[in-house]
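Colleague: Structure incoming, see below.
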Amino acid sequence: RELVRPTDRIAIVISDITRPTPNEKLIPWILEELSFVPEAQFVIINGTGTHRDQTREEFVRMLGEDVVNRIRIINHHCHEKEELTHVGTSSFGCEVWLNKEYVEADFRIVTGFIEPHFFAGFSGGPKGIMPGIAGIETIMTFHNARMIGDPRSTWGNMVQNPLQEMTSEVNRMCPPHFMLNVTLNKEKAITAVFAGELFAAHAIGCAYVTEHTMVPVKERFDVVITSNSGYPLDQNLYQAVKGMSAAHKIVKQGGTIICAAECSDGIPSHGNYADILRMRPTPREILDMINDPKFRLFDQWQVQKQAVIQVWADIIVYSTLSEEDVRAAMMTPTDSVDAALQGLTAKYGQEMTVAVMPQGPLTIPFVQGEQA
């Protein structure tokens, strides 16, 4: 409240519905703290990145009806140039476009939660802005095959991670004036709060998450059973790649990952993920296609990560998806995790080793002696 003037126009960036950020708590807390500012001067920007819009009903679920009725809320549209503002040129080779209402606000706040991330190291912090409210040109560079394929672009790594370097660079061009991030436990309850200057607060939060989520194991396993940490992250197969990627860190080459994810939102039907998966018949050929510098299609980053896993190990999926949809993604469907596990004993023998990751991508397993 000491930083904000009563006359300021305030933009608050939130995570979209694919994240379990407790927006229904954070936003009312911010509004209460800044109650001396007229409500008409606030805008809440839903940081969709390249994801779909949220409906009013979904906003009510995310923020509560009181906030939805009182405060103007907009979905970010990365493809709509007239809704973006040019803020600079990135050293990574693209023009930087951010949401216009965010850029033009007098005071900018970013919210979110910090968890392990499969190529940015950790979520939260600067990722709320980049890619959360960036233009598609900027996002495509951030998620290009070279950036995603860099070995430093991985779980829990912030050192020379090119994605963190780019998101930091973009944030410095038009920084939020205040960050409010939290960490969550498996019940999605808040365990700690990190607030203040963007980079300092986020760094402290990442250190906290590292302490609580990095799990060493002595060797790789024949089979790893994972989840996508339940709703909302397991809404679709696209998001479930995160749980598979976490399991990839400790499964043997030629091993099997069993992923349990509800996928209530399907493959999904929006975006290019499903279309890219159909462009080649094998994971290796898909990887080669995406690694061609001439190939550029949004959502390719998720398919790239998936293909890397599939070249290494088999994937069995337990979900509400049809068998046809799972097989189209070059994975094997199952209607029972127990049955799938029993069936694998024929492949690996009675001495088959199994690891279970109930929280999926909320944990960072690593093999002792290998790069964490």
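Colleague: DSSP loop (so not H, G, I, E, B), at most 10 other Cβ within 10 Å: list which GluC sites (Glu not before Pro) in the stretch 115-222 pass both filters.
Modeller: Working: sites: E137, E165, E169, E187, E197, E211, E219; in loops: E187, E197, E219.
Here the sparse-neighbourhood loop sites are E187.
Colleague: Between the stretch 55-129 and the stretch 286-300, what is the separation of their alpha carbon centroids in Å?
Modeller: 26
Colleague: Please give, to one decimal in nm, the separation of the simple spin-label points placed at R1 and N185, each 7 Å out from Cα toward the Cβ.
Modeller: Between R1 and N185, the simple spin-label model gives 3.0 nm.
Colleague: Normalising by the residue count of the stretch 149-266, find the relative contact order in percent from Cα pairs under 8 Å and 6+ residues apart.
Modeller: Numbers: 142 pairs, mean separation 21.6, N = 118.
Once normalised by length, the contact order is 18 percent.
Colleague: Rounded, prolate or oblate: pick one for the stretch 314-372, where a ≥ b ≥ c are the square roots of the eigenvalues of its C-alpha gyration tensor, a/c under 1.5 means rounded, and failing that, prolate if a/b is larger than b/c, else oblate.
Modeller: Oblate.
Colleague: Equivalent ellipsoid semi-axes for the stretch 24-165, as square roots of 5 times the alpha carbon gyration tensor eigenvalues: give them largest first, rounded to whole Å. Show your work: numbers first, answer last.
Modeller: Details: eigenvalues 163, 61, 37 Å².
That gives 29, 18, 14 Å for the three semi-axes.
Colleague: Follow-up question, since we're still on this one. Can you tell me how much longer the chain between E219 and T353 gets when fully stretched, taken as 0.36 nm per residue apart minus their C-alpha distance, in nm with one decimal? Before the final figure, lay out each step's value.
Modeller: Details: separation 134, 0.36 × 134 = 48.24 nm, distance 1.00 nm.
Working it through step by step, the gained length comes to 47.2 nm.
Colleague: What's the tally of Lys pairs in the chain whose alpha-carbon atoms lie under 15 angstrom apart, where the two lysines are 8 or more places apart or on different chains?
Modeller: On the way: K25/K188; K81/K100; K218/K249; K218/K252; K242/K305; K249/K305; K252/K347.
Value for the chain: 7.
Colleague: Can you pull the percent of the chain's accessible area that's carbon plus sulfur, 1.4 Å probe, other chains left in place? The partial results should precede the final answer.
Modeller: Values: 8080 of 15580 Å².
Of all accessible area on the chain, carbon and sulfur atoms account for 52 percent.
Colleague: Moving to a separate point now. Counting only other residues whose beta carbon sits under 11 Å from that of G128, what net charge do I get with K and R as +1, D and E as -1?
Modeller: Numbers: positive: R19, R108, K127; negative: D16.
Charge balance near G128 sits at +2.
Colleague: Assuming a ≥ b ≥ c are the square roots of the Cα gyration tensor eigenvalues, decide whether the stretch 101-229 counts as rounded (a/c under 1.5), prolate (otherwise, with a/b larger than b/c) or oblate. Can you show the working numbers first?
Modeller: Details: a/c = 2.15, a/b = 1.35, b/c = 1.59.
It is oblate, given that a/c is not under 1.5 and a/b is not larger than b/c.
Colleague: Using Cα-Cα distances under 8 Å and only pairs 6 or more residues apart, what relative contact order does the chain have, in percent? Present the calculation step by step, with values, prior to reporting the outcome.
Modeller: Working: 765 pairs, mean separation 58.7, N = 372.
So the answer I get is 16 percent.
Colleague: Sort the chain into rounded, prolate or oblate with this rule: let a ≥ b ≥ c be the square roots of the eigenvalues of the Cα gyration tensor; rounded if a/c is under 1.5, and if a/c is not under 1.5, prolate when a/b is larger than b/c, oblate otherwise. Please list the in-between numbers first.
Modeller: Working: a/c = 1.80, a/b = 1.66, b/c = 1.09.
Note, shape of the chain comes out prolate.
Colleague: Here's a follow-up. If R₀ is 35 angstrom, what is the calculated FRET efficiency for the pair R172 and R56, using the beta carbon separation as r and rounding to 0.05?
Modeller: Working: r = 35 Å, r/R0 = 0.99.
After rounding to 0.05, the efficiency reads 0.50.
The values are calculated or read from the model by the stated rules, or taken from the named source; none is laboratory data. Keep in mind that what you see is a predicted model, and the values were worked out from it rather than measured. FYI the Cβ positions are ideal-geometry reconstructions off the backbone, even for glycines, and counts take in every protein chain you see. Areas reflect the complete protein model, heavy atoms only, side chains present, ligands, DNA and RNA absent. Shrake-Rupley method; radii C 1.70, N 1.55, O 1.52, S 1.80 Å.
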